[in-house]
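The values are calculated or read from the model by the stated rules, or taken from the named source; none is laboratory data. In this text the structure is predicted, and so the values were computed from the model without any measurement. Glycine gets a Cβ as well: all are built from the backbone with ideal geometry, and neighbour counts include every protein chain shown.
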Amino acid sequence: MKLIKERRSMDFRKETFCIVFHYYKCEDSGEQFTTTSLDDVNMNQLYNQYRDKFNIPFPDEIIKIRQKYGLPASKMSEILGFGVNSYRQYEAGEMPSTANAKLIQMVDDPGKYIDMVELCGTLDEKLKTKYIQKAQLLVEERKRNIFNLNFKEYLLGNHLADIYSGYRNPNIEKFTEMVVYFSEKVQPFKTKMNKLLFYADFLMFKQSCFSISGVRYKAIDMGPVPNNFQSIFEFLANEDEIDIIYSRFPQGYIGEQFKARQERPFNASLFSESELEVLEKVSTEFKSTSTSDIIDVSHLEEAWKENEKNKSIISYEYAFELHQI
């Protein structure tokens with residue numbers, strides 16, 4: 001059976017989208033079929049494009065909005081006027097209507113969330129007071145930390161989830177842990193670290209249609225790299241997340257090697273089981289690969305070859321063409 005990938009148009013909610021359709025083809029009979037995992041890849045592409053077009057939040061965003069207020073899903077449904085199980089279903093991947101999506105996005109703002117709590121006629125006054133006080137604390141906390149929040153947005157970008165972020169919002173916490181993980185397992189030099197991060201995010205997207213970190217990558221002479229990587233790595237070193245050791249080589253250039261800090265262990269709890277498997281696979285695959293060799297490997301990827309000339313941001317759709325891992 002041969003795995004075939006071809007562009008097809010598919011419809012969803014009266015909209016047509018072009019996806020990279022995956023299926024197996026029997027070379028003897030010509031029969032085509034898919035598996036559950038391939039169905040997920042095909043449908044996730046369709047759903048992702050629909051969410052992107054109509055600015056509908058992704059499941060991880062929907063979960064994050066609720067969790068910051070410390071609510072069960074049923075109570076968030078009640079506050080927003082949804083059916084009792086609706087919010088839980090949206091967190092599990094069901095597509096909200098555009099109207100419900102706007103309500104979910106609106107209450108991401110604690111001020112608007114407070115308005116919705118006050119308008120909810122089914123909550124008793126004790127619960128209303130509790131929920132409003134929690135949201136007011138978040139407002140004050142954001143005011144105190146506005147500089148740090150803005151700086152982190154500057155480092156990773158404040159773009160919405162799209163094909164160039166692997167349909168994830170940028171997540172500095174997860175990206176930091178990825179750097180810590182590879183610093184601990186591989187102790188790579190900076191150029192190799194960039195490639196490990198690229199392969200981890202793009203391999204995860206190849207398998208699920210979602211990246212791990214939400215980081216954008218661009219193509220430069222040395223291969224794919226996280227956008228703004230130099231500033232990000234300096235920030236992580238200054239925050240004592242990792243150590244960067246400088247070494248002078250006989251050729252005259254200085255290398256920057258990443259090493260984990262003994263008192264700063266990797267936090268696996270931020271990742272799903274499949275994400276951890278991808279990190280381990282990338283680490284194992286490239287642990288013994290030299291920096292120059294991993295550059296050469298990355299130069300074989302279409303993601304680099306078709307974007308290097310203009311130093312372009314790389315679409316995660318190139319993940320489907322990965323062939324070096």
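Remarks
- Test: GLU91 is under 22 Å from the mean Cα position of the chain (by Cα) and either polar (S, T, N, Q) or crowded, with 18+ Cβ neighbours inside 10 Å (or both): yes
- Flag if LYS195 is more than 11 Å from the chain's Cα centre (by Cα), surrounded by 18 or more Cβ atoms within 10 Å (Cβ to Cβ) and among the charged types (D, E, K, R): yes
- Test set (1) assigned to a loop (DSSP other than H, G, I, E, B); (2) under 25 Å from LYS174 (Cα atoms) - GLU61 fails condition number: (1)
- Residue match in region 226-246 (condition: among the hydroxyl-bearing types (Ser, Thr, Tyr), part of a strand (DSSP E or B) and at negative phi): yes
- Looking across region 33-50, the residues that are of a type outside the set (D, E, K, R) and within 12 Å of CYS209 (Cα to Cα) come down to SER37, LEU38, VAL41, ASN42, MET43, ASN44, GLN45, LEU46, TYR47, ASN48, GLN49.
- When residues of region 248-287 are limited to those that are assigned to a strand (DSSP E or B) and free of Cβ contacts under 8 Å to residues at least 40 places away in the same chain, the one farthest from GLY166 (Cα to Cα): ARG248
- Residue selected from region 242-285 under the condition touching a Lys or Arg at 6+ places or on another chain (Cβ under 6 Å) and either of a type in the set (S, T, N, Q) or closer than 19 Å to ALA200 by Cβ (or both), by the criterion surrounded by the fewest Cβ atoms within 10 Å (Cβ to Cβ): LEU270
- Total residues in region 22-54, condition touching a Ser or Thr at 6+ places or on another chain (Cβ under 9 Å) and closer than 30 Å to LYS102 by Cα: 5
- Single match in ASP115, ASP108 (criterion: under 31 Å from the mean Cα position of the chain (by Cα), outside the structural domain of PRO226 (by TED's automatic domain parsing), on the phi < 0 side of the Ramachandran plot and part of a loop (DSSP other than H, G, I, E, B)): ASP108
- Checking the stated criteria, GLU78 turns out not to satisfy the condition of being surrounded by 16 or more Cβ atoms within 10 Å (Cβ to Cβ), touching a residue at least 60 places away in the same chain (Cβ under 8 Å) and either at negative phi or assigned to a strand (DSSP E or B) (or both).
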